[in-house]
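> Attaching a single structure in structure tokens format; questions to follow.
The values are calculated or read from the model by the stated rules, or taken from the named source; none is laboratory data. Computed from a predicted model, the values in this text were never measured in an experiment. All Cβ positions, even for glycine, are placed from backbone atoms using ideal geometry, and neighbour counts span all protein chains on display. Accessible surface areas use protein heavy atoms only, side chains included; no ligands, DNA or RNA. Shrake-Rupley method; radii C 1.70, N 1.55, O 1.52, S 1.80 Å.
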Amino acid sequence: LYENAQVRRDHTATIISHGTGMKKMLLVNGMGITEITPVTKFMAHLPLVHLNHKPDSALVICFGMGTTFRSLMTWGLSAVRAVELVPSVKEAFEFYHSDAKNVLALPNGKVIIDDGRRFLQRTEERFDVITLDPPPPVEAAGSSLLYSREFLALVKTRLKKGGILQHWFPGGDERILVSIASEIKKAFPYVKMFRSIDDWGYHFLASEVPLANIESKEFISKLPEAAKVDLMEWAQGRSIEEYTSSMLSKGLDF
């Protein structure tokens, strides 16, 4: 049924990884969760670039294919954490990225098997960036809780001063988008929304401090060399100036 498929099972779910090249997919209990896409790279680079101070730590909730975690690791941060509920999702990391073992071996990174909300309640760590990629559909109980005002309030307690939340909405009913945007705006005084580089879904950036209007030149200058390489990995021949300008042109304040 699936080309080049691997099946993993654990006490929480059945995981199917399948496909080749840029057509790789991740399914959890038969539901398509994510695919190879530069969108998940921008979940890391977009909030880090918008910080008004040098970043030192980051957290990603919902590991998925591991792309966002892998991108965060290119910034040379002191601590990068990822939280994933399903153990087999972490085990599938190497299916999607040939350098997965090398990334996991780096001392500053750690993948934690836990519920995202429970992790935030128990950890004493604070982060410059917290980036969330809730699995579709957003209406599902496990995902909808990650958009709630209670969860947003919890996230705020784990952000450092001047920190940024990157929250992802994959698309769907416009009324849900409006509701999510409203709750994020109630929780944070400064919010930006960006249409994704692939023109589906939205990145929200939220902070307690003003978010600058960054232009392409500044975006590029803030990227460490390894992060530039990572960002352009799937840019399909576009220049970094064109690529970042395209992303930034999709943003608005509200």
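> Taking H placed 1.01 Å from N in the peptide plane, check which residues at least 5 places from Ile164 or on another chain put their amide H under 5 Å from its amide H.
Under 5 Å from the amide H of Ile164: Val129, Ile130.
> Now for a separate question. Could you check the spin-label model distance between Lys161 and His53? Points 7 Å from the Cα along Cα→Cβ, value in nm.
So the label points at Lys161 and His53 sit 0.6 nm apart.
> Past 28 Å, Cα to Cα: identify those pairs from Lys24/Lys185; Lys186/Lys250; Lys101/Lys192; Lys110/Lys185, in the order given.
Lys24/Lys185; Lys101/Lys192; Lys110/Lys185
> Same structure, new question: Explain nothing, just compute: Karplus ³J(HN,Hα) = 6.51 cos²θ - 1.76 cosθ + 1.60, θ = phi - 60°, for every residue of the range 212-217 in order, whole Hz, x for Gly and Pro.
Those phi angles translate into 5, 8, 8, 9, 4, 4 Hz.
> Have a look at Lys54, Lys24, Lys41 and tell me which one the Gaussian network model of the chain (Cα, springs below 10 Å) gives the largest fluctuation.
Fluctuation is largest for Lys54.
> Write down the percent of antiparallel bridges among all DSSP beta bridges whose residues are both part of the chain, to the nearest 5.
For the chain, the DSSP antiparallel bridge percentage is about 60.
> If you stretched the chain out fully between Ile176 and Asp10, how much longer would it get, using 0.36 nm times the residue separation minus the C-alpha to C-alpha distance?
56.6 nm
> Can you give me the % of accessible surface on the range 130-254 that is carbon or sulfur? Probe 1.4 Å, all protein chains present, nothing else counted.
Using a 1.4 Å probe with all protein chains present, the range 130-254 comes out at 55 percent carbon and sulfur.
> Would you rank Lys250, Lys186 by solvent-accessible area, highest first, keeping every protein chain in place and using a 1.4 Å probe?
From most accessible down to least: Lys186, Lys250.
> Moving on. Please give the per residue accessible area of the chain, computed with a probe of 1.4 Å over protein heavy atoms only, in Å².
On a per-residue basis, the chain sits at 45 Å².
> Can you work out the Karplus-derived ³J(HN,Hα) for every residue in the range 170-182? Use 6.51 cos²θ - 1.76 cosθ + 1.60 with θ = phi - 60°, whole Hz, and x for glycine or proline.
3J(HN,Hα) across the range 170-182, in whole Hz: x, x, x, 4, 4, 5, 5, 4, 5, 5, 5, 4, 5.
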